[in-house]
Amino acid sequence: MTGYTYTVFIILIPLVMFLVIGLLGMKWKPIVSGILGTIGMGISWTLSLITAGSYFFGVHGTEGFQTIIPFEIKWLQFTETLIIKMGILLDPISVMMLVVVTTISFMVHIYSLGYMKGEGGFARFYAFLSLFTFAMLGLVIATNIFQMYIFWELVGVSSFLLIGFYYQKPSAVAAAKKAFIVTRFADLGFLIGILILSFVTGTFDFAKLTQPGTTIFASAASMSFMGISAMTWAMTLMFIGGAGKSAMFPLHIWLPDAMEGPTPVSALIHAATMVVAGVFLVARMFPVIHFQAPATQELIAYVGGFTSLFAAVIAITQYDIKRILAFSTLSQLGYMMLSLGVSGYGGEEGLGYMASMFHLFTHAMFKALLFLGAGSIIHAVHSNLMQDMGGLRKYLPITHITFLIACLAISGIPPFAGFFSKDEILVAALEHNKLLFAVEYIVAGLTAFYMFRLYFGVFWGKDQHYHHTPHESPMTMAIPLMFLAFMSIISGFLPFHNLITSDKMGFETHTDLMVAIPSVLIGVVGIAMAWILYKKESVVPAKLAKSWGILYTATYNKFYFDEFYLFVTRKIIFNYISRPIAWFDRHIIDAFMVGIGLTTEKISYQIKGMQSGQLQHYAFAFVAGTLALALSMIYLLM
Amino acid sequence: MIQGIPLEHFLVVSTIMFFIGVCGFIIRRNLITMLMAIELILNSVNINFVVFNRYLYPDQLQGQFFSLFIVGIAAAEASVAIALIINIYRNMKNIEVENVNEMKF
């Protein structure tokens, strides 16, 4: 039980850094804030690695990994039973997430020392990064759903602040607002889900909810609403919250716009950590979803599958390199959701669960690398658009190699990390649902194609006429790239099947050649097609685009989802709901209150002459009144 | 001395005094005269106290003491009122009550 108390510091250090940098950062040279934040993050990272080392490789019995709660306090006590606690829960997925979050955050802290150099608001940037890291760590180690919800919202706020970091830029402000509103909309579902779940079970604690063979759901069986059981409602609503954060279709629209933030932020928040919070939530509630709400699990699988296909198709047509990566993130998150959706519980049945967590881990590494690489490219050519790039391999050798490694990893080419995790997902999908397997198989090919379209378009192709020669990034930016490239190569060999499983017991996996070979093949086909089309500048892609006509235009415009949502909100909700309510407020409620005030004022104006200042008038009124009273009393008593 | 005079006679006298005082207070414009009218009102009340005490509870003295207190307080009140009137006179060079109308809306 004890021995892990130091994990408190993993979370507290970023909070302290946020307060110190946020309050005092203005007084120092900017670089001091950066170095301070980086050192703090480094300590957190080291502690996380120590925790993971002793948790995963320390002594544990044959019954698998224990859930450990080294620290817990009662935060708010409303009644005897309604208590909100704050604490730290260590189990395989939270320890893994600690490692992922602190690793990526530390790399991004180092990287930003170079990338953000000379930008206004350097200290503010580091303060927000620390705030985000604190919130994200608080989210992953939450002991109960309510703590998770609180940190969930904090993560949303820090994401909002960082997307809108360039607050002088109207598009950044709009993107920040959009991200905030869309995720808030989803969080409403999350909150209602929490309330239903806690009403049914009478607890917020994950430990109690996910205990195997628990009886707290006994009362849920009889409850239903509109023909759907209470637990299905609760889990579906919670999934909506997770879908908002993880940008699942149809709540995906905020993520591509979130790329308005600084690139290191995109790497940290919108690729590796915050967007997987939804996947993490589903994984955290997995036993509940699997046993109590199988319909929701099915929904999760299909939403994940559709999102991955949908986003991959859009990614093919985009030109903004960060947006391509954003859609690629959507697609990979879809993979993770799908994998959870098709998973069973316990032993080999829980392959999908393990594969999802595995992919979460490897994806965090190579997607952060891709974003940081993209940041390095943008840093060199001062543009986000692929049309402005080409032939950069000569100028940016380190970025080139690391970017290539990441592309190979995401395309699922062995021995890079993505191959192992994606392969497990495909095996899990094949075992449970042939249709979803087919979808994911196609998406694997599309992924390889659009990633290498990006790679060839940027690093090969025609040499552009740059205003000044692009130069390789400074060491502060190159070191994180190299570290993450190293992780992208080796993290596929981590024995995840022994460490992170649905029932916390290890099991044996074997690479299924029947799946592995075709999946590598389709990846290679995708790469080859990209090679043919984009390695040398040619007119074929443009011709192809033209031949697809309206379909291409629709894809290029992301299937008009933004326009559709705008139409619904502006034309329908604003006009037919908001305006009448606003009218009612202004002309009925407000007018009533104003009317009271105006009437009082008018009457006072009329009668103010009575206060004349003439003493004798008052005396007369007083005597007359007294007489009248006296006479009336006499009359009444007689 | 008051043997043989009925109670009603006293009450009539005090009532007449009271209303003369009230009328004087409302009608007269001179502050000093108004003060005199107030004295009339107070003294009409004094008469009532003394007379009721004598006729209803001849062996007790509360009513008579009460009227003594009223006389004392009337003296204090008159001194305060005259001090005010002197100040008003210094400011306005007259003591017409109609001119003292600063305190209004």
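The values are calculated or read from the model by the stated rules, or taken from the named source; none is laboratory data. As the structure is a computational prediction, the values presented were derived from the model and not from experiment. Counting neighbours? That spans all protein chains shown, and the Cβs are built from the backbone with ideal geometry, glycine included.
Here B:V80 fulfils each of the conditions (1) under 27 Å from B:Q3 (Cα atoms); (2) away from chain A (no Cβ under 14 Å); (3) assigned to a helix (DSSP H, G or I) apart from (1). Under 9 Å between Cβ atoms, which residue pairs at least 6 apart in sequence (or on different chains) link something in the stretch B:85-105 that is facing another protein chain (nearest Cβ under 10 Å) with a partner that is in a helix (DSSP H, G or I) and surrounded by fewer than 11 Cβ atoms within 10 Å (Cβ to Cβ)? Listed pairs, sorted by first residue: B:F105/A:G609.
Restricting the stretch B:1-48 to residues that are part of a helix (DSSP H, G or I), over 24 Å from B:N101 (Cα atoms) and of a type in the set (S, T, N, Q), the residue that is nearest to the other protein chains (Cβ to nearest Cβ) is B:T15. Can you pull out every residue in the stretch B:65-88 that is surrounded by 14 or more Cβ atoms within 10 Å (Cβ to Cβ) and either touching a Ser or Thr at 6+ places or on another chain (Cβ under 9 Å) or not aliphatic (A, V, I, L, M) (or both)? Once the filter is applied, which keeps residues that are surrounded by 14 or more Cβ atoms within 10 Å (Cβ to Cβ) and either touching a Ser or Thr at 6+ places or on another chain (Cβ under 9 Å) or not aliphatic (A, V, I, L, M) (or both), the stretch B:65-88 yields B:F66, B:S67, B:E77. State whether the residues of the stretch A:312-332 include one that is farther than 30 Å from A:S376 by Cα and either within 18 Å of the chain's Cα centre (by Cα) or assigned to a helix (DSSP H, G or I) (or both). No, that holds for no residue.
Looking across the stretch A:484-495, the residues that are surrounded by 19 or more Cβ atoms within 10 Å (Cβ to Cβ) and within 16 Å of A:T399 (Cβ to Cβ) come down to A:L484, A:A485, A:S488. Please go through the stretch A:440-481 and give me each residue that is modelled with pLDDT of 80 or more and at positive phi, ordered by number. Correct list: empty. The set of residues in the stretch A:474-490 being within 14 Å of A:T38 (Cβ to Cβ) and either without any contact (Cβ under 8 Å) to a residue 60 or more places away in the chain or touching a Phe, Trp or Tyr at 6+ places or on another chain (Cβ under 7 Å) (or both) consists of A:T476, A:M477, A:P480. Only a single item in (1) among the β-branched types (V, I, T); (2) in contact with a Ser or Thr (Cβ under 9 Å, 6 or more places away or on another chain); (3) more than 22 Å from A:A368 (Cα to Cα) is not met by A:I84, and it is number (2).
This table checks each residue for (1) under 45 Å from the mean Cα position of the chain (by Cα); (2) surrounded by 10 or more Cβ atoms within 10 Å (Cβ to Cβ); (3) within 14 Å of chain B (Cβ to nearest Cβ).
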residue	(1), (2), (3)
A:Y556	yes, yes, no
A:W583	yes, yes, no
A:R586	yes, yes, no
A:D590	yes, yes, no
A:T599	no, yes, no
A:Q611	no, yes, yes
A:H617	no, yes, yes
